[in-house]
Amino acid sequence: MKQEELYHRIIDNFEELRYALLDAQTFDVKHYGFPEIYYKIMETDQLRVGAFQRAFQHYNNLQDAIVCEAGVGRLALTKHYLPFVKKAYLIENNPNIIDFIKAELDRNGWANKVELIVGDAMKVQLPEKVDFVIGELMSIFCANEFQVQIFKHLRKFLKPNGKLIPEKIHNLVQLGNATFNQGHTHYPLLFTRHWPELLSTQVVLNTTNLYTASRYTVKKKVKTKHLLSGKANCVYMNSFVQLAEGINFTGTDSLMPPTVLKLHETVHLEAGASSTIRAKYSYGTSLEKAEFEVIV
């Protein structure tokens, strides 16, 4: 298909595609995780994979390290460090891709230094301490995925000077106004014309330190200043991830995309004034259960 023809098809279907990314990133029980297309979305995202490559390089490609990676999928990240490590414990819960993983390990001559663990990463018991725990189990604000729970469990197996990749997530909010189809309370942004009309400054709601996070429910209040007058019916959400010191990932359409979440009540904002955003949500549940309100 020619580029011009492809672009015309996208333009003709902009509105129909508003929730396409949400559907692709929604947990699918049949696949023990995400739909099949999501693996392709992830593997073709050079910004996403490249950020982890830079983190590995930051730590000298994990040379001669003992590593544990949770949720390895089709080895999109694994293949960039596995040639250099001494030992790797690879955890995957999706039985549909285990044969693929084993075949890839054999084909590349990595099987002799890998212990493949099929099961729940929150229940795994490792036989030794490791130098690195890696896990790309993130979602916006970690609201849908079990990144916090899994790292809380696996960091017990870190050596005293061991490292987590990633290690910290800053979660930011901004007030705006967006259109929601009936039955939908949120959607990740795929195209800029689906962005909300932004009305306030962006502020940090909370920071998740994956070395220390132990509580799974977040209750926070933050103040934001109104830049424009208008009706606010949503929060615009961003997650900025620190993979290692100086190595960051601030979201793409395949991982932690900017997301629009409907407020429980629409409020009117006056330019120059301020309001308080009050939030309550839990890691590893769903944005459908998140509660955001604005106190003017």
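Odds and ends about this structure:
- A count restricted to the range 249-282 and to residues that are on the phi > 0 side of the Ramachandran plot and without any contact (Cβ under 8 Å) to a residue 40 or more places away in the chain stands at 0.
- Those strands (runs of 3 or more DSSP E) lying entirely in the range 155-214 with at least 2 residues more than 23 Å from Ala55 (Cβ to Cβ): 168-177, 186-188, 203-209
- Figure legend. Inter-residue proximity from the range 283-296: first residues over 16 Å from Asp23 (Cα atoms), second residues polar (S, T, N, Q) and not in a strand (DSSP E or B), beta-carbon distance below 6 Å, spacing 6+ or different chains. Indicated pairs: Gly284/Gln149.
- At least 2 residues being hydroxyl-bearing (Ser, Thr, Tyr) is the threshold, and among the helices (runs of 4 or more DSSP H) wholly inside the range 1-100 those reaching it are 36-43.
For every residue, the table says whether it meets (1) in the same structural domain as Tyr39 (by TED's automatic domain parsing); (2) modelled with pLDDT under 95; (3) not acidic (Asp, Glu).
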{"position": "Gln125", "(1), (2), (3)": "yes, no, yes"}
{"position": "Glu128", "(1), (2), (3)": "yes, no, no"}
{"position": "Leu175", "(1), (2), (3)": "no, no, yes"}
{"position": "Ala178", "(1), (2), (3)": "no, no, yes"}
{"position": "Asn181", "(1), (2), (3)": "no, yes, yes"}
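- Residues of the range 219-259 satisfying the condition of being assigned to a strand (DSSP E or B) and out of contact with any Leu (no Cβ under 8 Å at 6 or more places or on another chain): Lys219, Lys221, Lys223, Lys225, Val241, Gln242, Leu243, Ala244, Ile247, Asn248, Leu255
- Search result, residues across the range 126-154 that are basic (Lys, Arg) and either on the phi > 0 side of the Ramachandran plot or outside any helix (DSSP H, G or I) (or both): Lys129
Here is a yes/no grid of residues against (1) under 16 Å from Val72 (Cα atoms); (2) crowded, with 17+ Cβ neighbours inside 10 Å; (3) not assigned by TED's automatic domain parsing to the domain that holds Val235:
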site: Leu105; (1), (2), (3): yes, yes, yes
site: Met122; (1), (2), (3): yes, no, yes
site: Cys142; (1), (2), (3): no, yes, yes
site: Gln147; (1), (2), (3): yes, yes, yes
site: Phe151; (1), (2), (3): yes, yes, yes
site: Asn161; (1), (2), (3): no, no, yes
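- Failed condition for Ser139, given (1) at pLDDT 95 or above; (2) small (Gly, Ala, Ser); (3) within 17 Å of the chain's Cα centre (by Cα): (1)
- Within the range 260-270, the residues that satisfy the criterion of being part of a strand (DSSP E or B) and either under 15 Å from His170 (Cβ atoms) or of a type in the set (D, E, K, R) (or both) are Lys262, Glu265.
- Residue tally, condition surrounded by fewer than 19 Cβ atoms within 10 Å (Cβ to Cβ) and of a type outside the set (Gly, Ala, Ser), over the range 263-296: 16
- Any hit, the range 104-119, residues being more than 30 Å from Thr266 (Cβ to Cβ), in contact (Cβ under 8 Å) with a residue 40 or more places away in the chain, in contact with a helix residue (DSSP H, G or I) (Cβ under 7 Å, 6 or more places away or on another chain) and outside any strand (DSSP E or B): no
- Enumeration of residues in the range 271-295 that are over 16 Å from Gln202 (Cα atoms) and part of a loop (DSSP other than H, G, I, E, B): Tyr283, Gly284, Thr285, Ser286, Ala290
- Lone qualifier among Thr201, Thr250, Thr259 - being more than 22 Å from Gln25 (Cα to Cα), of a type in the set (Val, Ile, Thr) and at pLDDT 95 or above: Thr201
- The set of residues in the range 47-61 being hydrophobic (A, V, I, L, M, F, W, C) and buried (at least 17 other Cβ atoms within 10 Å of the Cβ) consists of Val49, Ala51, Phe52, Ala55, Phe56.
The values are calculated or read from the model by the stated rules, or taken from the named source; none is laboratory data. Computed from a prediction, not measured in an experiment: that's the story for all the values here. FYI the Cβ positions are ideal-geometry reconstructions off the backbone, even for glycines, and counts take in every protein chain you see.
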